[in-house]
Amino acid sequence: MAEDQSAVVNQIRDGLMDDWNILENVFKLLQREDTFCVNPEQWDKQKIVPFLQPDKLKELINLKVRETEKCTLTDIEELCQQVIHYSVKTSHGRFHNQLFGQLDPFGFAGALITEAMNGSSYTYEVAPVFSLIETELISTVCKLSGYKDGGDGILTPGGSTSNMYGIVLARYKVAPSVKTIGMFGMRPLVLFTSDQSHYSFVKAANWLGLGSDNCVAVKTNERGQMLLDDLEAKITEAKSRGGQPFFVNCTAGTTVLGAFDDINGAADVAERHGLWLHVDACLGGSALLAQKNRSLVAGLERANSFAWNPHKTMGVPLQCSLFLTRETGRLLERCNSTEAHYLFQQDKFYDVSYDTGNKSVQCGRKIDAFKFWLMLKARGYGKYGHLVDHAIGMGRLLEDKLRERKDRFRLVLQKHEYSNVCFWYIPKAMRVAEKDETPEWWSRLYTVAPKIKEQMAHSGTLMIGYSPLGAHNLGNFLRMVFTCFPILKPEELDFILDEIERLGEKIAI
């Protein structure tokens, strides 16, 4: 057995430099036009994805992992080609399925370098440049948000985690002993968020031992914005039940409608009751950079913390998520540090204030700051502000074009706040007088969006999401989301609507 091990190790060692040649082949694959599909002149010719059902895809790609393999570099390259071919081309200019879209090329360049360096964001010692970059990025965003006393923050593995950071920090501030003795004997801690907010708050209440019943849903108006009167009433009700309210979340850009809660109004309520105010700006935080639409996040400077995902809207490669807090006095570090002296020694040979690991719930932490920083260095955040405004403007233009086709399309809202636009398509067979739009008619209409979505998947010409809105008793509708990239021209909107009509007439209802 020892001889077998020695032979295997020697074989790998002797061939390792040849193995690195795979990178040359992979880079050639990445440079092919059909890998990213970013050229507008090719959008008509390139499918977003050649969709196949799971069983068929498993037949085409050898997915099995075995103890021994004998793949050559050519075999590995072929596997890479298959993976690229059958994957969704999220940088295709007609991919609008998620809250993210086409990559920014500078961001992708930064992601490649990040992967090549294979560092970890916990100490300056192992990530000197990247540590300084993250510190600078956090400082810049805190200034942009209006945090006058400096603030603090960290990059996290996703918006759900950023929102959880906000809850944990709020809990530590109101009850620091929870860190050491837990929540035994305490009144139930209660948090409040709108019925249109992200599900991560319910998940966080579960994970953190607060209990999902203590994540209280606040009603929203017809535009998806949190009703402050109901917030006030729910806080009073929680107190009367013996609970201890401690946290309010505002949403800046809801997942479906792209709605923005009144941050200033919520801040007034939170201050009256002595509660921590967090803003989930994972989607709408890019309005911080906007020239025309900065007012969407008015009052952000009053929030104790907020979350922002620049990988949404802005084109930063997944993932790039920031958690920011206006709290100083090393609150973030005091909350999360466990003084792991084998890693965070205080007698190092450099300024240990640049060691960020004590602020994090993780140990190893992927470097997500560099790709965003490189984008900002390439263009400056002012230019990205104009791109954010352009994406929002495309949303308003699409609304106008939908109204021009009012016999075929119906807007969920006449005017959305952000770059989301939600609407129904009405097939020819269902176009009736308004008096004939019965509950049964609406039930049939709610089946249209999923069927159009299926047609999109099979055609590969367009990808747009769909969603119901349960809190408002609305069934399925299409949700178009504009992002900074691709930078669409107005005529592209006509293609989108024409294609929805073409696919919509293929379905059976």
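The values are calculated or read from the model by the stated rules, or taken from the named source; none is laboratory data. Just so it is clear, the model here is predicted, and its values are computed rather than measured. So basically every Cβ, Gly included, is an ideal-geometry build from the backbone, and we count neighbours across all protein chains shown. Calculation scope for accessible area: heavy atoms of the full protein, side chains included, ligands and nucleic acids excluded. Shrake-Rupley method; radii C 1.70, N 1.55, O 1.52, S 1.80 Å.
Okay, residues lined up against (1) farther than 28 Å from Val174 by Cα; (2) of a type outside the set (S, T, N, Q); (3) at pLDDT below 95:
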site: Arg302; (1), (2), (3): no, yes, no
site: Leu324; (1), (2), (3): no, yes, no
site: Asn336; (1), (2), (3): no, no, yes
site: Tyr342; (1), (2), (3): yes, yes, yes
site: Asp351; (1), (2), (3): yes, yes, yes
site: Val361; (1), (2), (3): no, yes, yes
site: Ala369; (1), (2), (3): yes, yes, no
site: Gly382; (1), (2), (3): yes, yes, no
Looking only at segment 70-78, decide whether some residue is of a type in the set (S, T, N, Q), assigned to a helix (DSSP H, G or I) and modelled with pLDDT of 95 or more. no
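Select, from Ile181, Ile263, the only residue that is within 22 Å of Asn420 (Cα to Cα) and out of contact with any Pro (no Cβ under 6 Å at 6 or more places or on another chain).
Working: Ile181 fails: within 22 Å of Asn420 (Cα to Cα).
Result of the check over Ile181, Ile263: Ile263.
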Take segment 406-433 and flag every residue that is surrounded by 14 or more Cβ atoms within 10 Å (Cβ to Cβ) and more than 14 Å from Gly475 (Cβ to Cβ). Arg408, Phe409, Leu411, Leu413, His416, Glu417, Tyr418, Ser419, Asn420, Val421, Pro427
Among the candidates Ala127, Ala116, Ala109, which residue alone is among the hydrophobic types (A, V, I, L, M, F, W, C), touching an Asp or Glu at 6+ places or on another chain (Cβ under 9 Å) and at negative phi? Ala127
Which condition from (1) in a helix (DSSP H, G or I); (2) surrounded by fewer than 18 Cβ atoms within 10 Å (Cβ to Cβ) is the one that Asp389 breaks? (2)
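If you check Gly265, Gly285, Gly258, Gly253, which single one turns out to be free of Cβ contacts under 8 Å to residues at least 60 places away in the same chain and either of a type in the set (Phe, Trp, Tyr) or closer than 20 Å to Leu322 by Cβ (or both)? Give the derivation first.
Details: Gly265 fails: either of a type in the set (Phe, Trp, Tyr) or closer than 20 Å to Leu322 by Cβ (or both); Gly258 fails: free of Cβ contacts under 8 Å to residues at least 60 places away in the same chain; Gly253 fails: free of Cβ contacts under 8 Å to residues at least 60 places away in the same chain.
Every option except Gly285 fails the conditions.
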Search segment 450-509 for residues being of a type in the set (D, E, K, R) and part of a loop (DSSP other than H, G, I, E, B), and hand back the single one that is nearest to Asn97 (Cα to Cα). Lys489
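This table checks each residue for (1) open to solvent by 60 Å² or more (accessible area, probe 1.4 Å); (2) free of Cβ contacts under 8 Å to residues at least 24 places away in the same chain; (3) farther than 22 Å from Leu324 by Cβ; (4) out of contact with any helix residue (DSSP H, G or I) (no Cβ under 6 Å at 6 or more places or on another chain).
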site	(1), (2), (3), (4)
Thr90	no, yes, yes, yes
Phe95	no, no, yes, yes
Leu103	no, no, yes, yes
Gly107	no, no, no, no
Glu125	yes, no, yes, yes
Glu134	no, no, no, no
Only residues in segment 409-422 that are farther than 9 Å from Gly258 by Cα count as the first member; pair them with residues that are at pLDDT 95 or above and assigned to a loop (DSSP other than H, G, I, E, B), Cβ under 6 angstrom, at least 6 apart or cross-chain, and list the lot. Cys422/Val412
What single numbered condition from (1) in contact (Cβ under 8 Å) with a residue 60 or more places away in the chain; (2) under 21 Å from Lys415 (Cβ atoms); (3) of a type outside the set (A, V, I, L, M, F, W, C) fails to hold for His278? (2)
Working only within segment 1-38, note down all residues that are in a loop (DSSP other than H, G, I, E, B) and loosely packed, with under 14 Cβ neighbours inside 10 Å. Met1, Trp20, Asn21, Gln31, Arg32
Hey, any hits in segment 479-499 for a residue that's in contact with a strand residue (DSSP E or B) (Cβ under 8 Å, 6 or more places away or on another chain), closer than 30 Å to Val316 by Cα and open to solvent by 50 Å² or more (accessible area, probe 1.4 Å)? no
Residue among Tyr350, Tyr381 that alone is more than 18 Å from Val316 (Cβ to Cβ), in contact (Cβ under 8 Å) with a residue 24 or more places away in the chain and open to solvent by 20 Å² or more (accessible area, probe 1.4 Å): Tyr350
Any pair with Cβ under 7 angstrom, 6 or more apart, that starts in segment 434-456 at a residue that is surrounded by 14 or more Cβ atoms within 10 Å (Cβ to Cβ) and ends at one that is among the small types (Gly, Ala, Ser) and in a helix (DSSP H, G or I): Val448/Gly504; Ile452/Gly504
